[in-house]
Amino acid sequence: MRQHVSTCLSDPAVAGETAMIKPRRKRTRHPRLAVGDRVSFAEGTVAGTGVVDAVTSDYSIIWVWTDEGQGRRMFLQGYGSIVSAT
């Protein structure tokens, strides 16, 4: 049998403090890329070009086979990586 747990606070002054919403940080969204697209990327001090190897269904993670022997790299949306089609 399930028990219901109330999350309401009895003190209105405390309830007002917890109801404050933090501003969201703006995230850079990866463009809608397809497997096989040529791309350029930049993440921190690393930059280069490559070919898209895989993309998640929500486009939040992109895997790229890089040129110049840098291997396969994963880029996460919103974590400082920039991936754009060339």
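Each reported figure results from applying straightforward, stated rules to the coordinates on display, with no laboratory input. Just so you know, these numbers come straight off a predicted model, no measurement behind them. Methodologically, a virtual Cβ is constructed for each residue, glycine included, from the backbone with ideal geometry; neighbour enumeration extends over all protein chains shown.
Annotation: amide H of Asp37 within the under-5 Å range of Val52, sequence separation 5 or more or interchain, hydrogens built in the peptide plane.
Between Thr56 and Met20, what's the calculated FRET efficiency when r is the beta-carbon distance and R0 is 25 Å? Round to 0.05. Working shown, then result.
Working: r = 33 Å, r/R0 = 1.30.
Step by step, r from the Cβ atoms, then E = 0.15.
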